[in-house]
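In what follows, a single structure is set out as structure tokens and then discussed.
Just so it is clear, none of the values below were taken in a lab; they were calculated from the coordinates. The structure presented is a predicted model; accordingly, all values stated were derived computationally and were not measured. Cβ: placed from backbone, ideal geometry, glycine included. Neighbour counts: every protein chain shown.
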Amino acid sequence: MSSVTNVIHASPLFDPSSTTSCKVNKQFSGGVPMLAERASEQAAALQAMLLANYPLEKAIPQRMLSPNTGAGFWVVTSKAGNCRVVYYGPGEYVQPHYHDIEEKLILSLGGCYVWQSEDQGKSWTCFYRKEEEELFIPAGTWYSLIADHQGLVMHTLDSGSSTIWIEGITIQNLHRATSL
């Protein structure tokens, strides 16, 4: 299971007024959705997971990160702890972070906008992934994501990575820069 470790401070701080800080792949149709202000409901998370064909009828999704705001997600972890099914409601998001191992995310329902930086936050690339696509995040790559208007169900195979949160860069800033 993932664990939260130390927070690193981004340097230089992200500048939301700079149009070169976030290179946008223009495949966004209708623009990036607004960030959710409130958390989605547990019942909605389980319903979406079932709709995506995960056999979780008796599962109880757990809220990760913020219990009340849109900065979080619902998760069901396998008994072995190596597979997680994750639900983000429409507009729910995760703040910029990275892991110490490569991550492979398999999107099953909905889609998401991803911000990714391979140079420790000096530049960001924005792109969209939809259901039936995979997302590979190399170890040490900074990233953040926001679920599209449908929400997002995905699963990940996890061999015990640590999560390192990045202070000084928020998805709110990335979102604003993308909208410029």
### Query
ARG38 versus THR163, label points 7 Å from Cα toward the beta carbon: distance in nm?
2.3 nm
### Theoretical gain in end-to-end length, HIS149 to ASP100 [0.36 nm per residue, Cα-Cα removed]
14.6 nm
### Task
Under 15 Å from a label point 7 Å along Cα→Cβ of LEU51: give me every residue in the range 77-92 with its amide N that close.
86-92
### Query
Can you sort PHE136, PHE73 so the residue with the fewest Cβ neighbours within 10 Å comes first?
PHE136, PHE73
### Query
So what J values fall out for the range 94-107 if you push phi through Karplus, 6.51 cos²θ - 1.76 cosθ + 1.60 with θ = phi - 60°, rounded to Hz, Gly and Pro as x?
10, 5, x, 6, 8, 10, 7, 9, 5, 10, 10, 10, 10, 7
### Message
Under the rule a/c < 1.5 gives rounded, and otherwise a/b versus b/c splits prolate from oblate, where does the range 96-144 land using the Cα gyration tensor?
### Response
oblate
